[in-house]
Each structure stands twice: as C-alpha cells, then as structure tokens.
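**Q** The structure follows.
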Amino acid sequence: MTAPICTDGFIHKKTKKIMIRRRQPERSQQVRHAVQWLFIALNAWIGVQFYLWVRYYERGGVGLYVPRPAGVDGWLPIAGLMNSKYLLATGRVPAVHPAAMYLFLGFLLMSLLLKKAFCSWLCPVGTLSENLWKIGQRIFKHSFHLPAWLDVPLRAIKYLLVAFFVWIIGAMSAEALDGFMASPYGVVADVKMLNFFRDIGLAAAIVIGVLAVLSILVQNFWCRYLCPYGALLGIASLLSPVKIRRDVEACVDCGKCATVCPASLKVDELVQIRSVECNACMACVAACSTQDALQFALPARKQDVRQQRWFRRALSPLAVAAVIAYIFFGTILIARATGHWQSNIPQDVYINLVPYANQVTHAGI
C-alpha cells in the first residue's frame, strides 16, 4: 500500500517515503555566483593596476605611476608554496612576494575548514571553467562524460603535478629558496606571467584554445584533470569538519543531487562526501527540495528528531560566504599589520629589471 500523502509534501514513488518540502528557499547558487563575480571584479581591478605599474617601469619611470598591487601575488601559487616552505624552515617571512605566501595559506585554511570552497567560490579559473561547460550544456543540452577507464587515469595527472612541485620545493634548502626568490627571475616572476599573456605565442594560444573547447564539452575539464593547485587543496580538504551530508531518514532517493554534481559524485548513495573532488559548490544542496535531507554541515547531533540533528550544524550560503570573506580579508589585514604584504623592492631595481623581464632567466635555465 501507498503511505498517506503529507499535507506539505508528497510520496516519492520509488521509496514510498514522505517528502517534506524545504521550508526556506535554497539560495546557495545565487550567493556563490555573486561571490564569484565580485572576486572576478577584484582580480580585474588588480590586473589593470598591475598593468599600469608595469607600463610605468617599461617607460623608464615616466608617466602615470600607480603602486604595485600585492594581490597579484595570488597568481603565483608556486611562489606561495616556496615561501611557505621558507617560513616553516626558518620561522621568517620571506622578503620577496610575501603576499603569495599569505594568500596561499589563507586559501589552504579555507580548504581545511570548508572543503575546496576556494575552487568553486573564488578561483577565477574555476569560474571561467564553470561558465564554459554551462555554455556547452546550452549548446549540446548535456555535458560529455569520459569513460571510467580514461577518466580515472586523467584525474591522476593533477596529483602527479602537485607531487612533482612539492618534491622539488621540499628538496630545496632555505638558502636556495631565498636565493631563488631574491634573484632577478624571482623578483619579476609576476611581470613574466603578465608578459606570457601579452606576448602569447601560437603554440600557447592553441593549447589554451584546446583547453577552452574541452571545458565546453566536459564539465570542469581543467579543474578535474589538470589543476595541481586544486589537487593540493583537495588533499587538505580531507581534514575539513564541514562536508556535504545526507540524512538517510529524510532523503527520498530522488537522485537529483548526484545528477547535478559537477564532479559526478554519488551523493545520493553516501551519508557524507569525503572525496577530494568535492569543491563545496553546493549544487547538490540546491537541487534537493527535501527539508533536512542534504546540507553542507558539521556532523549531525545524536537526536531522533531530524530537525534537532541539524540544528545549528548546517551552514547557510551566507555563512559560507562570511567565513570565506573573514579568512580572505583577515589574511590580508594580518599581512598588512605585520608589514609583510608588499615586497618593498627598491624602485631602481624594478627600473633595471621590468623592461627586460623576458630576458631574465634563473640559474636552472
């Protein structure tokens, strides 16, 4: 027999469970997208300021001068990893690109607390990737999925890349790290990054174009298979106390959560998502219309009543955004308050190096 229909829900035909509809509208995706585009705007502003700063030195110190935005160091994750190793080895904050270290540690802290929230809430490349596959879904009505025999080995690539970087940097002494970062190459690493895109070659343009096409066809192609930064944050996220958690009693087994998961995780079959591939985008939570069935939360309380199990355990989208903002701006404030935000390189060094950044190499080249 079919169970009686609840006044504020209906019976799921497959499981015969009573579905109690969510009492409040679920707005995680609206909040997340707002945070994404605010961070895109912040990066665009930093990019324009950095470009004007570079042009000032390329003109020999003539024309409009704007201060160098230390936030551009956020685009130097290898420098952030190297400087973090230097801090651990010496107890001293590195003099060159210290903001890279502070931002790296801030994003790492986000992963320790909120899974890979950086990837789906802040990362500009992640935002671009997400919008590319959404364009693909509008064109083709679905995303293409690689077969398991190809998907699993490809996912290993990003972990091999992060292992390579960690191995190389881990083997470097504090003196070697300091020497590298203080070298002409280390000082203008940010300028070389800018020049890569300003003077992009045909081969690099083709590679970027192929990645863009693949990202249209396959959900989060870069993030899923190639991003070592995301791989490192994913490993750190294993320690996060906050996870996507499913209440088996409340769940009506509709499968919507698994259908919308960008990482193709079997959310509907698990009690909690421990996977390093979960980036806390909360798309699965947004797709679930059942009260207390799925949430981004701390472990449930030991209560028989499900509302009490999740009381003050689930994080609302605004709470997630608030924690992200607290960590991000708190990291910057600490760096500024301690005088470790800017590199403080003398202007004459920049005048001599910035115009010739493309000609600067490090000792290993």
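What follows draws every value from the coordinates through simple rules; no lab data is involved. The shown structure was predicted, so the numbers you read here are calculated from the model rather than taken from an experiment. Cβ: placed from backbone, ideal geometry, glycine included. Neighbour counts: every protein chain shown.
**Q** Distance from the Cα centre of segment 288-365 to that of segment 73-126, in angstrom?
**A** Their Cα centres are 9 Å away from one another.
**Q** Give me the one-decimal nm value for the distance between modelled label points at Arg59 and Leu217, 7 Å along each residue's Cα-to-Cβ direction.
**A** 4.5 nm
**Q** Please give the length that would be gained between Arg313 and Gln137 if that part of the chain were fully extended, namely 0.36 nm times their separation in residues minus their C-alpha to C-alpha distance (nm, one decimal).
**A** Full extension of this stretch gives 59.9 nm more.
**Q** Can you sort Glu130, Glu58 by how many other beta carbons sit within 10 Å, fewest first?
**A** Values: Glu130 24, Glu58 16.
Ranking Glu130, Glu58 by Cβ neighbours within 10 Å, fewest first, gives Glu58, Glu130.
**Q** In percent, what relative contact order does segment 216-365 have, based on Cα pairs under 8 Å that are 6 or more apart in sequence?
**A** After rounding, I find 19 percent.
**Q** Separate question: If you average the sequence gap of Cα pairs under 8 Å that are 6 or more apart and divide by the length of the chain, what percent do you get for the contact order?
**A** Across the chain, relative contact order equals 26 percent.
**Q** Within a Cβ distance under 15 Å of Gly136, other residues only, what is the Lys/Arg minus Asp/Glu net charge?
**A** +3
**Q** Give the label of the value calculated from the structure for Kirkwood radius over Cα pairs in Å, choosing from (1) 23.8; (2) 22.7; (3) 20.7.
**A** Label of the calculated value: (2).
**Q** Test of understanding: what is the full-extension gain from Leu128 to Lys266, defined as 0.36 nm times their sequence separation minus their Cα-Cα distance? Could you put the intermediate results ahead of the total?
**A** Details: separation 138, 0.36 × 138 = 49.68 nm, distance 2.48 nm.
Value of the extension gain: 47.2 nm.
**Q** According to the square roots a ≥ b ≥ c of the eigenvalues of the Cα gyration tensor, what is the shape class of segment 162-250, taking rounded for a/c under 1.5, prolate for a/b larger than b/c otherwise, and oblate for the remainder?
**A** oblate
**Q** Right, here's the next one. Treat each spin label as a single point 7 Å out from the Cα along the C-beta direction, and report the Ser183 to Arg336 distance in nm.
**A** 3.4 nm
**Q** Sorted from largest down, give the three principal axis spans of the alpha carbons of segment 241-365, whole angstrom values.
**A** Projected onto its principal axes, the Cα set of segment 241-365 covers 68, 34, 23 Å.
**Q** Sticking with this one: Rank these for me by crowding, Val187, Val271, going from fewest to most other beta carbons within 10 Å.
**A** Val271, Val187
**Q** Starting from the Cα gyration tensor of segment 26-120, take the square roots of the eigenvalues, sort them a ≥ b ≥ c, and report rounded, prolate or oblate (rounded when a/c is under 1.5, otherwise prolate if a/b is larger than b/c, else oblate). Present the calculation step by step, with values, prior to reporting the outcome.
**A** Numbers: a/c = 3.93, a/b = 1.21, b/c = 3.23.
The shape class here is oblate.
**Q** Separate question: Of the candidates Phe39, Phe164, Phe107, which one comes out as most mobile in a Gaussian network treatment of the chain with C-alpha springs shorter than 10 Å?
**A** Greatest mean-square fluctuation among the candidates belongs to Phe164.
**Q** With the alpha-carbon atoms as the only input, what is the per residue convex hull volume for segment 192-242 in Å³?
**A** 112 Å³
**Q** Still on this structure, I have one more. Hey, got the dipole for the chain? About the Cα centre, +1 on K and R Cβ, -1 on D and E Cβ, debye to the nearest 20?
**A** Charge dipole of the chain: 1440 debye, to the nearest 20.
**Q** I would also like to ask the following. For the residue pair Leu202 and Ala322, what label-to-label distance in nm results when each label sits 7 Å from Cα along the Cα-to-beta-carbon direction?
**A** 5.6 nm
**Q** Still on this structure, please answer the following. What does the highest-first list of 198-205, 332-339 look like by mean Cβ count within 10 Å?
**A** Result, highest mean first: 332-339, 198-205.
**Q** Where both residues lie in the chain, what percent of DSSP beta bridges are antiparallel, nearest 5?
**A** 90 percent
**Q** Another question about this same structure. Using a ≥ b ≥ c from the Cα gyration tensor of segment 124-201 (square roots of the eigenvalues), is it rounded, prolate or oblate, where a/c under 1.5 gives rounded and otherwise the larger of a/b and b/c decides, a/b for prolate?
**A** oblate
**Q** A follow-up question, please. Using helices alone, I'd like the mean residue ellipticity at 222 nm for the chain: each DSSP H run of four-plus residues gives -39500 (n - 2.57), total over residue count, nearest 500.
**A** So the calculated ellipticity at 222 nm is -17000 deg cm²/dmol.
**Q** Say the dipole of the chain comes from +1 at the beta carbon of Lys and Arg and -1 at that of Asp and Glu; which of Ile327, Ile244, Gly170 then lies farthest toward its positive end?
**A** Going by the charge dipole, the pick is Ile244.
**Q** Which entries in Lys115/Lys266; Lys115/Lys141; Lys115/Lys302; Lys85/Lys192; Lys115/Lys158; Lys134/Lys243 show an alpha-carbon gap greater than 21 Å?
**A** Listed pairs above 21 Å: Lys115/Lys141; Lys115/Lys302; Lys85/Lys192; Lys134/Lys243.
**Q** Mind sorting Lys243, Lys302, Lys116 by how few other Cβ atoms lie within 10 Å of their own Cβ, fewest first?
**A** Lys302, Lys243, Lys116
**Q** Here's a follow-up. With an 8 Å cut-off on Cα pairs and a minimum separation of 6 or more residues, tell me the relative contact order of segment 178-300 in percent.
**A** The value is 25 percent.
**Q** Next question. Could you work out which residue, out of Pro153, Pro228, Pro77, moves most in a Gaussian network model of the chain, that is, has the largest mean-square fluctuation with Cα springs under 10 Å?
**A** In the Gaussian network model the winner is Pro153.
**Q** Then there's this: Under 10 Å, Cα contacts only: if you run a Gaussian network model on the chain, which one of Arg306, Arg138, Arg27 comes out with the highest mean-square fluctuation?
**A** Arg138
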